[in-house]
Structures are given as structure tokens and as C-alpha cells.
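Working notes, structure below.
The values are calculated or read from the model by the stated rules, or taken from the named source; none is laboratory data. Keep in mind that this is a model prediction, so the values were computed, not measured. Glycine gets a Cβ as well: all are built from the backbone with ideal geometry, and neighbour counts include every protein chain shown. Ligands, DNA and RNA are excluded from the accessible area calculation, which covers all protein heavy atoms including side chains. Shrake-Rupley method; radii C 1.70, N 1.55, O 1.52, S 1.80 Å.
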Amino acid sequence: MTPTPAPATPSPDEGRAPEAPAHSERWAEIADRADVGMLRTDAHGRIVDVSAAAARLLGRGIDTLRGVDLPDLVDDDARPAVADALHELRLQHEPIALDVRLARVHGATSRMLLRLSPVRDTAGVLRAATVLLLDLGEHAPAVHQGDVDQAIASLRASEERCRSLFATIDQGFCVIEVLFDGDRAVDYRFLETNAAFERHTGLPDAVGKRMRELAPSHEQHWFDLYGNVARTGRPVRVTLPARELDDRWYEVHAFPYGALGSNRVAVMFDDITTRARTEAALRESEERFRCVANATPSILWSASPDGELTWLSDRWLEYTGLPVRVDRDARNGAIHPADRHLAAEAWQRAHAGADFDVELRLRRRDGAYRWFLVRAKSTHRDDGTVAAWYGSTTDIHDHKLAEVALRDVDRRKDEFLATLAHELRNPLAPLRNCLHILRMADEAENSAPVDSERLHAVMERQVAHLVRLVDDLMEVSRITRGMVPLHLQAVTIQEIVERAVETSRPLLDAARHTLDVDVPTLSLPLRADPVRLAQVLSNLLNNAAKYTEPGGHIVLSAARQDAEVVLRVRDNGLGIAPDELDRVFDLFNQAEHSIGHAAGGLGIGLTLVRSLVELHGGTVLARSGGLGQGSEFEVRLPLHDGDAADFTAEAFVDGAGATLQRFRLLVVDDNREHTDSLALYLRMTGHVVRTAYDAASALVWQGAFTPDAVLLDLGLPGVDGLEVCRRMRAAPGGDALVIVAITGRGQATDRRRSEAAGFDAHLVKPVDPAALVMLVDSLLRIKRRED
């Protein structure tokens, strides 16, 4: 049988005039009743896909038909015609129709109309064939050419509708042939594509081309994916990136196409790049948020509208030790029992429209509680109802303690100012009284005689008290900041104790206290400032005297322990409350019981003690059994590791016992009252004195008077005292001159400036004239020894 473009099978009616209408009606009736099947073959006629209708028409299973050559379906007589038709498809573009008898199972045959349509690539090469099957029935009448053409047209229209469907859908579609190197898929060739394919992939004219040709760097996972489908026959759905195709993402459904082993795979896919990038950006944003949330020291969280937590940062687990997924009761159990009502009230306010804001204590995993600030904001739906809560829980424990400490410092400052006012008024009152008495005596000629010596003694004591108060105030600022230079020298603890006891003896005797001193006879050498160290012990003795009832017992002891000397001052006085022990050395701190026992002073002596001891490299601590049980202060200082023979009582000069010389002194100050009063004192003590009230006069007197020492104010009008000092040093004999700054400025910067200008010492007003003369004597001795 020879294939023709529109072949017909002879019928019993051949030779008679055709009855076209009748034949058409019969063909239409046949077509209406017909069950149309569809086969897909490769270019060689091997079946690769079978529709359900075709399998039903042929009486075989789909899997059985796949891989069968199309000529093997017809009887022996028709096979050459089918083979010729397949050959002709390579040469022509029009479909070919055949009226043949197809073999069924068990040797049965059936008359079928076959329509073979070529499937070509863009180069026109035959890649496949589509075969439509129409069952003509065993006793169907002869089919004329017109009837065949009408059936073909109907089938072609059906096929075109299928093609139109694939051409218009949004999903990309292609049929590929997977190419293997052994068991490994290395490439694939496109057999068919639809219009959406190019739009989704950006690959034009792909039919007939290999993927490696179109995208040389295409990822191996695509070849492995389609290779597995071709090998196993199992369809897959997957989402994968295609970096070579503009870094796109595809959602792919791949399934076998044709018989198993044909290596053909049909692929339907969607370009989900925008969605994938959006989702990736969202995941990246969420990951960044989680990293930031878990890195912040605060606990971040979210909650549902009713307050049920939906998310907690890792800080929650780190701090509480509780897992994130824990019920509400367990979470609330981490709140301090006394603060749970605060959290409940804050939620009530928040539900009423306010922001959630509360301070409460949370239990740490070790059982300790710390203060936290909990804040939250709500998001709302379109109808205004709360959609969610987002909040933070921030550790404010240190800030809370600082606030408490600040309030405590403020309270102690107020107490200090009250004490200061009291202490200042005490000496001012008798001073004013004495001045009134002296004025009344001068104005009244016949008044009773006045004991001026007694009045002068009272005034001297009160002025000395005022000076001591001011000195303490100035000194506490410098010492607590470590701004006081120490004049370190070889000294023994025995001498320090002796000086301190001598200083505190009047206060001890006034209160009728018994003092026991227990100091070893063996010298305990120190490298220290003897004046400052004596001040430490004197302050401790004074403190014990003031806070012990009259007639008390005080013990001062010294002992060596390893490489330290340990000094203890113990009393049987009022004692210290346990909660005050850690604060007794703080600035402006006074025990609650101190108001009635502040026998002078500002309550800053212990602050000075601690600062001075620490400047010497030592430590100080307080002990007490409680109120009414006395107290003990312990000072530990490092022993000097030098030769003990260097530390004898004769090694130190007792300035108080030395015979003071008479000096030529120049006093320079624009404050005439201060200059004249100081000069009068110095002349009364036997010194030769000249005065100057400005820089020019001072420089003239230096050359005309040749003083031993100059007592120079810094705040002179015009040329200040610093410049005067520099000029005096530059003059002949200036290096041997002792120049002492006497000023109202005592800050560390002022002292550094005076030292840089060439001053030998820096004193802050008011100065003790006697101490001033001793200082000048000491400085002159040193200079003359150096000369």
C-alpha cells in the first residue's frame, strides 16, 4: 500500500456514483461516534507517548505501547505503507492520512484512520510526529476522499486547539531529550517549546539546540534533575536557581515524556524570580533582625493582642535560663512577686490605649533579681484593634542602683551642708561677741576693765578653728583626687604614732578618755610622708574620741605582719551600724547617730584617712559589732625594704625643736591689710621685713633690699606673681632666693603653674604665720646645704 496525502481504502461501493450527502452524513455519524486517540513518535517512528484514548482503541496499556515502532501496530500488509509515510514526513510538511488495519491483542484487528503530522525544529528538521487514531469500525462503509478531508480537518482543528492552549498559557513548556555520558547527565536538547518558554528563560530559538550551547555555565543540578526523571520515570516538583539565566529562580514540574529509556522529559515551569528574591530579601531581613535582636543586651519580644508571647530573643534564655516555649505562668514566675501587680496594672493601662511601660525585677538563672525596664508598642488592624505587641526588656539595674546612690549622696550632701553651717556658726558666734566687747570697751571711758588677754585667746582659738575647717574643705578635694604630692622620706612608725598622739591629746584629755598605746620597740621602717601619715592616725584618734562617751577607753596599736605594718585604733564607743560599715569612708557620709556627737569638724576625716592611706599604697577598713559595741579601724601599710639601720630617731630633724634664725623677708601683695598684718607679725618675731603692693615695687626691693625670702601673692595687678617670680629668678642671686606663693587659688593647675614659674612652695590663704616662718627656715636650710 502506497501512502498518499489523502489516501482512501477501496470499498464494495467503488465504481458507483458517490452519494456525497449520504456519505458525508455517514462519515459525520462515524466521526461523532468515534473515539479519537493520539500517539507521539520520535523522528524514527518509535512511540514515545500515548493518550488514554489511543490505549483504549489499541487495547493495550500505555507503558506497553511506549517504545513500540509505529509500523508494528498495523497488520503485515500495511507496514510498508506506514514506513513509507514516516519517510515521507521527512520530505514534506503536510500531514499524511492512512486507512489501515491495526493489530489488537489476541490476533484481532481493527480498521483505523491514521493521521501523521510532522513536528520540526526551527531548522526544519523532523524531530517527532503526532499520530491521530480514528476507529472506522469493522463494517464501516467506504470512505471517500471528501469524507477523509473533513475528518482530517476536524482532527487538525482539535490539534490546533491543543497547540493554542500551550501557546497561550503563562507557564513555560518544553520537551527535552537528556544526553548522558555513562550514567551522568551532561546536557539536554530542546525538542519543543511554547511561546512562554522564551519569555521565562530569555533563550530564543531553542528547539533543536543544546543547553550547554545556549548557557555554557548552566548549573549541574539542572542536568542531574532531568537525568533522574529520565532514568527513573518519576516526576518531580522543585524550586531551583538558574544563575546563568540572569540569576533567575524557577518552580519546575518535570515528568517523563515517552517510553522509559527514551530520555525525554516534559517540563512545565514558572519564573518565580521576583517572588524568590522577595522571599530571600525577607528571610535576609528577618535574619538580620534576629542577629541584631540577639546581639543587643535587651530582651526583645513580640506578643499577641491578649499578651501571649509569640517570640523572644536569645537574651531571654541567657538571662533567665527558661526556654522560649514556656507557658505564661512560668514566664510570670520570673517576675519578682512584689512586682507582679505592676506588670498587671501596666497591661491594663496598655489595653486602655496607653503604651506599655513598667519597671520590675526579673529573676536571673542563678536566683538573683535585677531591675528591668519593660516597654512595648502595639500595631493595629484597619478596624483599629490591636494586631500585636512588640517590646523590649532592658536591664537598668546599675542605673537604678546609681539613682539610689545619687539620692543617698544628695541626702548626705544636705546633711553635710547643715553640719558645715553649724560648724561655721560655732566659731563665728564667740568671735562676734569678742569684737562687740572690745568695741564697747573702746567707746566707754568708764567701763569695767576688760580681760583683753582672755578675749584674744578666745579669738585665736576660734580663728584657728575656722582655718582648720576651710583647710579641711580644700584638702579633701585635692586628696580624694590624688592631687596632693607626698613628701616621702625614711620614717619609723614609732615617730608617726608619737606625732599623732601629741596632736590628738587635747581632745582625748578634754573627754577624759584613757588611751593605751601598744607599739613595738623594734623600729618598723616606712617610706612615707610623716605629716600626712600622722594626720591619718590623728583623724582616727579624733574620730574615736568624738564618738565615745566621756571617760571611754581607746587603744592604739602597731604590729608587723609579714611585709606590712598594721595599725589599729579601737574604742568602746557608739559603734557603727552594719549597713553603715561600707559607707563610713564616703565623702559627706555621717552615721545617723552622729548629729548629737559632732564635737567639731565636718565628718570628712575618714574620707581623708582612706585617700591618704591609698596614696601610700595601703588599705583601711572599719569593723564594729553594731551600735553601742564600739568600733575598730585598721590601717595596713607596706614596710620599707631598705636597711633598718637607716631608720633611727636621730635620722629625722625635729623642726619644732630647731632654733629659728632671723631673716630678711619681702612681703608682696596688693591686699594691703593682708600685707601689713603679716609684715607686722613677722617684725614682732624678730625678722627684717619690707612690703610691696605691686610688681614694680617688688622688683625694685629685690635689688635694693636683697631679701632671703619673698612671700609673693599671685594675683597682682598688671604683671602677675608668676611673671614676678620668673624675673626674680633671672636676676643676679635669684637661684638662692626662697620664693613662696601665698594665694587664694589652690587647684592642681594653679600649683603646677606656680611650680613651673619657679616658686619653692605654694600656700593657700589663710596661712599660719608661725608655720610659714618654719617653712621658710626649712627651705633656706635646704638651699644653703645645696650651695
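In table form, for the structure just shown:
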{"item": "First in the stretch 763-787 and in contact (Cβ under 8 Å) with a residue 60 or more places away in the chain and of a type in the set (S, T, N, Q), second anywhere and in a helix (DSSP H, G or I) and loosely packed, with under 15 Cβ neighbours inside 10 Å, Cβ under 8 Å, 6 or more apart", "result": "S778/G655"}
{"item": "Selection from the stretch 543-556 of residues that are open to solvent by less than 70 Å² (accessible area, probe 1.4 Å) and over 15 Å from V620 (Cβ atoms)", "result": "A545, K546, Y547, T548, G551, G552, I554, V555"}
{"item": "Given (1) out of contact with any His (no Cβ under 9 Å at 6 or more places or on another chain); (2) exposed (fewer than 15 other Cβ atoms within 10 Å of the Cβ), number of the condition L716 does not satisfy", "result": "(2)"}
{"item": "Residue identified as under 30 Å from A230 (Cα atoms) and open to solvent by 30 Å² or more (accessible area, probe 1.4 Å) among L317, L309, L342, L260", "result": "L260"}
{"item": "Any hit, the stretch 277-297, residues being among the β-branched types (V, I, T), open to solvent by 90 Å² or more (accessible area, probe 1.4 Å) and out of contact with any Asp or Glu (no Cβ under 9 Å at 6 or more places or on another chain)", "result": "yes"}
{"item": "Counted residues, the stretch 752-787 - those being among the hydroxyl-bearing types (S, T, Y) and open to solvent by 20 Å² or more (accessible area, probe 1.4 Å)", "result": "1"}
{"item": "Selection within the stretch 737-749 - surrounded by 15 or more Cβ atoms within 10 Å (Cβ to Cβ) and either among the hydroxyl-bearing types (S, T, Y) or over 28 Å from R784 (Cβ atoms) (or both)", "result": "T743, R745, G746"}
{"item": "Which numbered condition E213 fails, given (1) in contact (Cβ under 8 Å) with a residue 12 or more places away in the chain; (2) surrounded by fewer than 16 Cβ atoms within 10 Å (Cβ to Cβ)", "result": "(1)"}
{"item": "Residue, farthest from L637 (Cα to Cα), within the stretch 485-538, restricted to residues that are open to solvent by less than 80 Å² (accessible area, probe 1.4 Å), of a type in the set (S, T, Y) and part of a helix (DSSP H, G or I)", "result": "S504"}
{"item": "Residue in the stretch 241-258 that is over 51 Å from the mean Cα position of the chain (by Cα) and either closer than 13 Å to G172 by Cβ or touching a residue at least 60 places away in the same chain (Cβ under 8 Å) (or both) present", "result": "yes"}
{"item": "Condition check for R101: surrounded by fewer than 19 Cβ atoms within 10 Å (Cβ to Cβ) and at pLDDT 75 or above", "result": "yes"}
{"item": "Hits in the stretch 73-89 (condition: out of contact with any Ser or Thr (no Cβ under 7 Å at 6 or more places or on another chain) and either of a type in the set (G, A, S) or surrounded by 13 or more Cβ atoms within 10 Å (Cβ to Cβ) (or both))", "result": "L73, V74, A78, R79, P80, V82, A83, A85, L86, E88, L89"}
{"item": "Qualifying positions in the stretch 73-98 - among the aliphatic types (A, V, I, L, M) and assigned to a loop (DSSP other than H, G, I, E, B)", "result": "A78, L91"}
{"item": "Within the stretch 236-250, considering residues that are in contact with a His (Cβ under 9 Å, 6 or more places away or on another chain), within 16 Å of F197 (Cα to Cα) and of a type in the set (A, V, I, L, M, F, W, C), the one least open to solvent (accessible area, probe 1.4 Å)", "result": "A242"}
{"item": "Residue that is nearest to R234 (Cα to Cα), among those in the stretch 60-72 that are part of a loop (DSSP other than H, G, I, E, B) and open to solvent by 40 Å² or more (accessible area, probe 1.4 Å)", "result": "R66"}
{"item": "Failed item, numbered, when I47 is tested on (1) open to solvent by 50 Å² or more (accessible area, probe 1.4 Å); (2) modelled with pLDDT of 80 or more", "result": "(1)"}
{"item": "Members of the stretch 172-195 found to be more than 24 Å from T41 (Cα to Cα) and either assigned to a loop (DSSP other than H, G, I, E, B) or at pLDDT below 90 (or both), listed by number", "result": "G182, D183"}
{"item": "Test for T109: is it surrounded by fewer than 22 Cβ atoms within 10 Å (Cβ to Cβ), at pLDDT below 80 and of a type in the set (V, I, T)", "result": "yes"}
{"item": "Subset of the stretch 343-361 (residues that are closer than 13 Å to L373 by Cα and either in a helix (DSSP H, G or I) or of a type in the set (S, T, Y) (or both))", "result": "A343, A346"}
{"item": "Matching option when the condition is within 49 Å of the chain's Cα centre (by Cα), assigned to a strand (DSSP E or B) and either closer than 30 Å to E502 by Cβ or modelled with pLDDT under 90 (or both), among L621, L602, L612", "result": "L621"}
{"item": "Filter pass, D147 being at pLDDT below 75 and not in a strand (DSSP E or B)", "result": "yes"}
{"item": "Residue ID - most open to solvent (accessible area, probe 1.4 Å), chosen from residues in the stretch 121-144 that are at pLDDT below 80 and in a strand (DSSP E or B)", "result": "D135"}
